[in-house]
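This report concerns only the one structure given below.
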Amino acid sequence: MIKYLPNIYPDELLYSLFCRYNIYSGNITHKMSFNDLYTKRSDVPSQEFVGNLNADIMNILDNIYDIRKICINHTMFQYYARFFSKERKCEALNTIIKGNCDTKNVFSILKRYDIDNYFKYCPLCKKEDIEKYGETYWHRIHQIRNMRICTKHKCKLHSSNIKITGSSYIFYDAQNNTSNNDIVFIDNTKIYNFSKYIEDIFNYDIDFNYDIPIQTILCNVFKNTKYQKGLQRHISKFVDDFTIFYKKIGINNIPTINQINRTLLVGDRFDFNTICLIGYFLNISSYDLVHKVYSKEEIEKENKTHYNKKNTNIKSFS
Ligand SMILES: [Zn+2]
């Protein structure tokens, strides 16, 4: 039985709201809070999504905020589903609303590395949150993979000790699990521009009717670069230059050649990180990466240049 549900803050992860609920509820164990919110004790919900909530909390959230809006604005849905096809986006949203805990079957969730394994936070956002709300919370924007700075304050994000998607579900709130670390300002235009790019892409409203394949957008720009001559694509050279470029600006979570191939050539991978890194390297604006429109004919024409079961006469080069 829900005792009291605090208001959700801007860009707050739903998990973070539940962590604050655990504090305000007066429950003496995490288990009690878990039972207040979830249907099955055996479930291990992902902190990035919703999980199998019980009818009580589901009704409260739906009445106050609309559960659909909670999923879009307070989970990492916009990260994982951003580049899905129209059908897959809708399907994924419906699945997480229904409380599917096995999100790995809905989204392709790649392994996290280094600092991205943990909840990150900005010490100045924390200070501002406390001044404004009396407490801080986990911000979604800071949890994006490869996000290293807070673009609002131009300072380094810190890593907490709290692992994202651990094997158990504990309510680790931001207020008690972050410290007042030193503020390290980052005066580096390249890392700022890249961080702003991924932030903008994450934040654009998701259009459930938009259905331009990301492969079309990327390949239409790729074909006019030095990495493509006619139908021959020099992916190895592209990956070499791409890797050097990102290592230089301090990005460590760089996709493999296989992930790049699957995204660009095969067109069956929709990983946010891989796509943003390719888009930024190809100088595609954040707006175009999410909104660019191509005609049906243009999409088909581009598709025919790729090797797939239908186009057996086309070779892909690496
Ligand atoms: Zn900040």
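Quick notes on this structure:
- Near pairs, Cβ below 6 angstrom, 6+ apart or cross-chain, from the stretch 45-57 (free of Cβ contacts under 8 Å to residues at least 24 places away in the same chain) to any residue that is open to solvent by 20 Å² or more (accessible area, probe 1.4 Å): N54/T39
- Residues in the stretch 126-156 that are in a loop (DSSP other than H, G, I, E, B) and at negative phi: E135, T136, Y137, W138, R140, I144, R145, M147, R148, T151, K152, H153.
- All positions within the stretch 210-236 that are within 17 Å of S285 (Cα to Cα), open to solvent by 20 Å² or more (accessible area, probe 1.4 Å) and among the hydrophobic types (A, V, I, L, M, F, W, C): I212, V221
- When D182 is tested against (1) open to solvent by 70 Å² or more (accessible area, probe 1.4 Å); (2) touching a residue at least 12 places away in the same chain (Cβ under 8 Å); (3) more than 16 Å from the ligand (Cβ to nearest atom), only condition (3) is not met.
- Residue in the stretch 237-260 that is among the small types (G, A, S), surrounded by fewer than 18 Cβ atoms within 10 Å (Cβ to Cβ) and without any contact (Cβ under 8 Å) to a residue 40 or more places away in the chain present: no
- Residues in the stretch 152-165 that are surrounded by fewer than 21 Cβ atoms within 10 Å (Cβ to Cβ), within 12 Å of the ligand (Cβ to nearest atom) and not hydrophobic (A, V, I, L, M, F, W, C): 4 in all.
Conditions tested, residue by residue: (1) open to solvent by 10 Å² or more (accessible area, probe 1.4 Å); (2) of a type outside the set (G, A, S).
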position	(1), (2)
I70	no, yes
H74	yes, yes
R82	yes, yes
E87	yes, yes
A92	no, no
K98	yes, yes
I109	yes, yes
C122	no, yes
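- Among the residues of the stretch 128-151, those that are open to solvent by 20 Å² or more (accessible area, probe 1.4 Å), within 12 Å of the ligand (Cβ to nearest atom) and either over 17 Å from R20 (Cβ atoms) or over 17 Å from the mean Cα position of the chain (by Cα) (or both) comprise E128, I141.
- Tally, over the stretch 264-318, of residues that are modelled with pLDDT under 95, closer than 16 Å to N224 by Cβ, charged (D, E, K, R) and surrounded by 15 or more Cβ atoms within 10 Å (Cβ to Cβ): 1
- Residue match in the stretch 189-209 (condition: of a type in the set (S, T, Y), closer than 15 Å to R148 by Cα and open to solvent by 30 Å² or more (accessible area, probe 1.4 Å)): yes
- Subset of the stretch 111-125 [part of a strand (DSSP E or B) and more than 9 Å from the ligand (Cβ to nearest atom)]: Y118, F119, K120
- Among the residues of the stretch 1-52, those identified as of a type in the set (A, V, I, L, M, F, W, C) and open to solvent by less than 30 Å² (accessible area, probe 1.4 Å) are I2, L5, I8, L13, L14, L17, F18, C19, F34, L37, F49, V50.
The values are calculated or read from the model by the stated rules, or taken from the named source; none is laboratory data. Being a predicted model, the structure only gives us computed values, none of them experimental. Reconstructed Cβ throughout: ideal geometry from the backbone, glycine too, with neighbour counts over all protein chains shown. In case anyone asks, the SASA skips ligands and DNA or RNA and just uses the protein heavy atoms, side chains included. Shrake-Rupley method; radii C 1.70, N 1.55, O 1.52, S 1.80 Å.
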